[in-house]
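Comments concern the structure below.
The values are calculated or read from the model by the stated rules, or taken from the named source; none is laboratory data. No experiment lies behind these values; they were computed from the predicted model shown. Counting neighbours? That spans all protein chains shown, and the Cβs are built from the backbone with ideal geometry, glycine included.
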Amino acid sequence: MLIAITREVSRSVVNCELTHLARAPIDVKRARAQHSQYEAALKRLGLAVLSLPEEPDLADSVFVEDTALVLDECAVILRPGAESRRPETESIVKILAPYRKLFHIEAPAHVDGGDILRVGKQIYVGLSTRSDTNAIEQLQDFLQPYGYEVHAATVTGCLHLKSAVTQVAEDTLLINPKWVDKNNFDGMNFIEIDPSEPYAANAVLIGETIIYPTSFPKTQKKLEEAGIRTVTVDADELAKAEGAMTCCSLIFNG
Ligand code: GLY
């Protein structure tokens, strides 16, 4: 069975880290309601949702994806690029330990899960303001014995690699080509986002369905025309915190 780890939106999300967005007021109640819609979508798709309690002092802690990379064979506890986010991993170590052998990214390396895109045995790591080559080398050392190949991909103009590209079918990536070069992803097909929706490249793929935000109707139409089944959720409140669909869960085989 697939498991999704999520975490309640923190009351301090209004103080979140921001890199490419200007600060806008965040309605915590509305963000929580939208986050519940997201958890409900995961459950409707058959996942068991392990929902962690709120971390009142950790503003970005709803974005659990940035704390770990969970594979079938093991998990890597990451070292987020923003110092304010590093304490988020403590509770994630506890919840993952029963499921996986754990590796840990060691200082001074840093990497956010939002920068890690896995497609089968290929692992692409964004070189962004949050992730560095030292972390990529550590990931290579941990994961090569399990048959994974780790590649660096330069990202510009957005926070994370997965702001720019995510998987939407077995052989297809949804991409904003202005933020990451398609040549990083050998052998894949691409659907480009509608250029008027630059933040539209982030989707959660579960089986043959994606969970996708309601905010990008033009790109959604392109996805549906390509035969990709979408389940939509409202996510514009957490988008103000520079978080997207994949950021809000850690999904793995239980
Ligand atoms: N606010 C999400 C992040 O900067 O990590």
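Some observations on this one:
- Matching residues, region 199-254, being within 16 Å of the ligand (Cβ to nearest atom) and touching a strand residue (DSSP E or B) at 6+ places or on another chain (Cβ under 8 Å): 202, 213, 235, 236, 239, 244, 245, 246, 248, 249, 250
- Selection from region 1-26 of residues that are buried (at least 16 other Cβ atoms within 10 Å of the Cβ), assigned to a loop (DSSP other than H, G, I, E, B) and of a type in the set (Val, Ile, Thr): 9, 26
- Matching residues, region 44-66, being part of a helix (DSSP H, G or I) and in contact with a Pro (Cβ under 7 Å, 6 or more places away or on another chain): 66
- Selection of region 183-223 for residues being assigned to a strand (DSSP E or B), under 23 Å from residue 65 (Cα atoms) and among the hydrophobic types (A, V, I, L, M, F, W, C) yields 204, 205, 206, 210, 211.
- Of the helices (runs of 4 or more DSSP H) that lie entirely inside region 69-170, those containing 1 or more residues that are within 30 Å of residue 227 (Cα to Cα) and within 16 Å of the ligand (Cβ to nearest atom) span 161-164.
- Residues that are buried (at least 17 other Cβ atoms within 10 Å of the Cβ) and among the hydroxyl-bearing types (Ser, Thr, Tyr) do not occur anywhere in region 94-109.
- Yes/no for residue 192 being surrounded by 14 or more Cβ atoms within 10 Å (Cβ to Cβ), out of contact with any Phe, Trp or Tyr (no Cβ under 6 Å at 6 or more places or on another chain), among the charged types (D, E, K, R) and at pLDDT 95 or above: yes
- Candidates are the residues of region 195-230 that are hydroxyl-bearing (Ser, Thr, Tyr) and touching a Lys or Arg at 6+ places or on another chain (Cβ under 8 Å); the one that is surrounded by the most Cβ atoms within 10 Å (Cβ to Cβ) is 209.
- Residues that are farther than 19 Å from residue 169 by Cβ, surrounded by fewer than 24 Cβ atoms within 10 Å (Cβ to Cβ) and not aliphatic (A, V, I, L, M) within region 231-252 comprise 234, 236, 237, 240, 242, 252, listed in sequence order.
- Residues (within 15 Å of the ligand (Cβ to nearest atom) and among the charged types (D, E, K, R)) located in region 12-50: 17, 23
- Residue check for residue 63: of a type in the set (Phe, Trp, Tyr) and within 15 Å of the ligand (Cβ to nearest atom): yes
Condition check ((1) of a type in the set (A, V, I, L, M, F, W, C); (2) under 29 Å from residue 129 (Cα atoms)) across all residues:
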{"site": "28", "(1), (2)": "yes, yes"}
{"site": "31", "(1), (2)": "yes, yes"}
{"site": "45", "(1), (2)": "yes, no"}
{"site": "50", "(1), (2)": "yes, no"}
{"site": "53", "(1), (2)": "no, yes"}
{"site": "58", "(1), (2)": "yes, yes"}
{"site": "62", "(1), (2)": "yes, yes"}
{"site": "65", "(1), (2)": "no, yes"}
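- Which numbered condition residue 41 misses (of (1) assigned to a loop (DSSP other than H, G, I, E, B); (2) among the small types (Gly, Ala, Ser); (3) farther than 29 Å from residue 137 by Cα; (4) within 18 Å of the chain's Cα centre (by Cα)): (1)
- Among residues of region 29-50 that are in contact (Cβ under 8 Å) with a residue 12 or more places away in the chain and under 11 Å from residue 4 (Cα atoms), those with a beta-carbon under 6 Å from a residue that is small (Gly, Ala, Ser) and surrounded by 13 or more Cβ atoms within 10 Å (Cβ to Cβ) at least six positions away or on a different chain give the pairs 42/4; 47/4; 49/4.
- Of the residues contained in region 198-214, none is found to be in contact with an Asp or Glu (Cβ under 8 Å, 6 or more places away or on another chain) and in contact (Cβ under 8 Å) with a residue 40 or more places away in the chain.
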